[in-house]
There are 2 protein chains.
Amino acid sequence: MQVTILGNASGGPFHGRPYSAQLVQLDNQVFMIDCGEGTQMQIFKHRMKADACRQIFISHLHGDHIFGLLGMLTNWGHKKRSEPLQLFSPPGLQEFIETSLRICGVRLSYALEFVEVDASVSACVFENPKLEVWTIPLRHRCPTSGWLFREKTRPRTIRPEKIEEYQIPYDLIPGIKAGQDLVLPHGAIIPNAELTLDPPAPKAYAYCSDTAFHEPVIEVVKGVDLLYHEATFTNGHLAEAEISMHSTAAQAAEIAKRAGVGRLLLGHFSGRYTDTDLHLAEARLIFENADIAEEGQVFVG
Amino acid sequence: MQVTILGNASGGPFHGRPYSAQLVQLDNQVFMIDCGEGTQMQIFKHRMKADACRQIFISHLHGDHIFGLLGMLTNWGHKKRSEPLQLFSPPGLQEFIETSLRICGVRLSYALEFVEVDASVSACVFENPKLEVWTIPLRHRCPTSGWLFREKTRPRTIRPEKIEEYQIPYDLIPGIKAGQDLVLPHGAIIPNAELTLDPPAPKAYAYCSDTAFHEPVIEVVKGVDLLYHEATFTNGHLAEAEISMHSTAAQAAEIAKRAGVGRLLLGHFSGRYTDTDLHLAEARLIFENADIAEEGQVFVG
């Protein structure tokens with residue numbers, strides 16, 4: 001699972017920071033999280049391939065997380081995209097998109113499916129053979145959901161030399177990968193453990209933006225490999241964080257520590273900060289394995 | 001009158017070209033023309049000051065000309081702007097803006113005034129002591145208006161040494177600047193021509209995007225100092241230009257030549273062209289004083 005940061009700004013595109021958007025890639029699947037203004041350009045700039053994206057997960061309906069959708073969807077239409085696109089979000093996105101496209105005379109070449117999620121509970125809202133995506137209830141000024149990408153356990157890896165050694169027929173391989181033993185023609189049983197290796201441990205990535213410090217998040221993101229948590233402010237602006245229902249870097253680190261995650265990424269920085277050194281220092285005092293979600297960086301879960 | 005190009009792309013932000021947007025400055029006044037996605041970022045990038053903008057002129061309601069408005073308007077709200085903003089456009093913009101801002105929970109700190117224009121006639125739709133702005137009927141797939149910025153004749157410039165020589169009282173100066181002669185206390189008359197210099201010739205700038213080749217444009221933009229005319233295609237794609245109701249560089253040059261303008265700027269290039277050399281060459285064969293409306297360039301009318 002690979003996470004690419006396309007932007008990390010909140011409020012405005014200050015100090016050259018683009019608006020929030022991320023790509024999550026798992027094998028040949030691409031998922032988008034949030035889509036602030038300019039996301040299209042960020043995809044070009046970082047030479048990402050996002051056309052294969054079939055699902056976009058929108059955390060909430062504030063402009064800095066959705067104003068890039070209109071251009072993105074329109075351009076996929078210009079390219080004569082035919083694959084349908086699912087848009088997961090709290091309620092309201094459909095009216096925003098459909099009204100805008102109607103007024104602009106856009107008729108898309110592909111189908112949109114709007115999936116409204118209940119941002120007040122953690123539930124699995126998307127599943128395919130390789131992963132599940134869960135909502136993460138957040139606490140913000142409007143219904144807001146984080147997104148938890150949880151890879152499923154992959155099949156066991158068959159050892160190639162064993163196929164040779166036991167002349168394993170092709171049609172038995174899926175069963176062996178699923179954990180079955182091998183019964184040889186003369187009746188002897190070769191235990192699965194001899195034939196296969198453990199698959200890599202399934203990874204999990206959690207995206208939490210925008211939110212005030214919210215204890216229930218801890219339980220939902222417990223033990224994930226990678227946690228992105230917004231850190232709009234530093235503790236010097238704690239009062240402002242509370243009023244605007246955002247977090248400080250220290251609060252993000254507190255969530256990471258108590259959830260026992262592998263690594264913490266900080267993002268969604270207020271334009272008042274020309275750099276993010278203080279955010280990083282503040283977070284690392286509480287949770288050592290913290291980093292800035294820098295635009296263009298790729299994190300592997 | 002100064003025109004700054006913030007973007008020159010059509011369709012998509014290909015080859016690093018930003019979407020259409022321009023700033024027109026006259027003394028301390030700032031006007032915006034079109035506002036494609038990313039216009040905010042372009043303003044930052046080129047260190048422009050656009051906060052003083054009180055009027056935005058939108059040519060038509062296609063996404064590549066308006067999707068940057070939502071972020072622009074929202075951020076002026078974040079900055080606690082209080083000055084009202086007028087938005088001139090063909091019908092439909094109000095619903096786009098108001099629906100989007102409502103869904104995103106944005107309450108602006110300043111008033112928006114939507115001025116719907118009739119894109120089928122050339123009429124003066126905005127006037128202040130320094131300039132007039134006129135609609136230019138264009139021919140596109142939806143109601144589309146170009147914009148003609150016509151500076152008014154400035155007052156005559158009084159010669160400082162004459163104020164001294166004739167001890168001209170302060171309260172007579174506005175009249176002299178307006179062309180009056182000076183009557184001295186003993187009755188002698190000093191003709192205005194001796195007291196003043198001609199003001200600089202008033203300048204005019206015309207913006208024509210998006211449009212198929214449209215002869216009536218010639219009359220409206222006749223003799224302007226600077227003409228921006230879209231040149232989405234080159235003549236090699238004439239058929240495509242006709243179908244999509246865009247122009248070729250040669251057609252833009254034909255308009256410029258027959259209108260006798262001072263200088264032609266070409267823009268709104270299709271993503272199929274990795275560079276614009278051919279556009280320029282094609283236009284210059286017909287109209288020598290042609291240039292590419294390069295992002296970031298400033299043209300003085």
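The values are calculated or read from the model by the stated rules, or taken from the named source; none is laboratory data. Just so it is clear, the structure is predicted and the values come from calculations on it, not from any experiment. Positions of Cβ are backbone-derived with ideal geometry, glycine not excepted, and every protein chain shown enters the neighbour counts. Ligands, DNA and RNA are stripped out before the accessible areas are found, and what is left, the full protein with its side chains, is counted by its heavy atoms. Shrake-Rupley method; radii C 1.70, N 1.55, O 1.52, S 1.80 Å.
Summary table below
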{"read-out": "Criterion: within 10 Å of another protein chain (Cβ to nearest Cβ) and within 23 Å of A:His62 (Cβ to Cβ) - qualifying residue of B:Ser100, B:Ser109, B:Ser82", "value": "B:Ser100"}
{"read-out": "Segments classed as strands (runs of 3 or more DSSP E), wholly inside segment A:185-298, with at least 3 members that are touching a Ser or Thr at 6+ places or on another chain (Cβ under 8 Å)", "value": "A:226-230"}
{"read-out": "Single residue of B:Val133, B:Val121 found to be modelled with pLDDT of 95 or more, among the β-branched types (Val, Ile, Thr) and surrounded by 15 or more Cβ atoms within 10 Å (Cβ to Cβ)", "value": "B:Val133"}
{"read-out": "From the options A:Pro143, A:Pro169, residue that is open to solvent by 20 Å² or more (accessible area, probe 1.4 Å) and within 14 Å of chain B (Cβ to nearest Cβ)", "value": "A:Pro143"}
{"read-out": "The listed residue being part of a loop (DSSP other than H, G, I, E, B), open to solvent by 10 Å² or more (accessible area, probe 1.4 Å), of a type in the set (S, T, N, Q) and in the same structural domain as A:Leu148 (by TED's automatic domain parsing), out of A:Ser59, A:Ser109", "value": "A:Ser109"}
{"read-out": "In segment A:37-56, the residues that are out of contact with any strand residue (DSSP E or B) (no Cβ under 7 Å at 6 or more places or on another chain), within 9 Å of chain B (Cβ to nearest Cβ) and either among the basic types (Lys, Arg) or open to solvent by less than 20 Å² (accessible area, probe 1.4 Å) (or both)", "value": "A:Gln40, A:Lys45"}
{"read-out": "Residue within segment A:269-289 that is within 24 Å of A:Ala123 (Cα to Cα), touching a strand residue (DSSP E or B) at 6+ places or on another chain (Cβ under 6 Å) and open to solvent by 50 Å² or more (accessible area, probe 1.4 Å) present", "value": "no"}
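Listed here are the residues, each with its yes/no results for (1) of a type outside the set (Phe, Trp, Tyr); (2) open to solvent by 10 Å² or more (accessible area, probe 1.4 Å); (3) assigned by TED's automatic domain parsing to the domain that holds A:Ser20.
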{"site": "A:Phe67", "(1), (2), (3)": "no, no, yes"}
{"site": "A:Thr74", "(1), (2), (3)": "yes, yes, yes"}
{"site": "A:Gly77", "(1), (2), (3)": "yes, yes, yes"}
{"site": "A:Lys80", "(1), (2), (3)": "yes, yes, yes"}
{"site": "A:Phe88", "(1), (2), (3)": "no, no, yes"}
{"site": "A:Leu93", "(1), (2), (3)": "yes, no, yes"}
{"site": "A:Ser100", "(1), (2), (3)": "yes, no, yes"}
{"site": "A:Glu116", "(1), (2), (3)": "yes, yes, yes"}
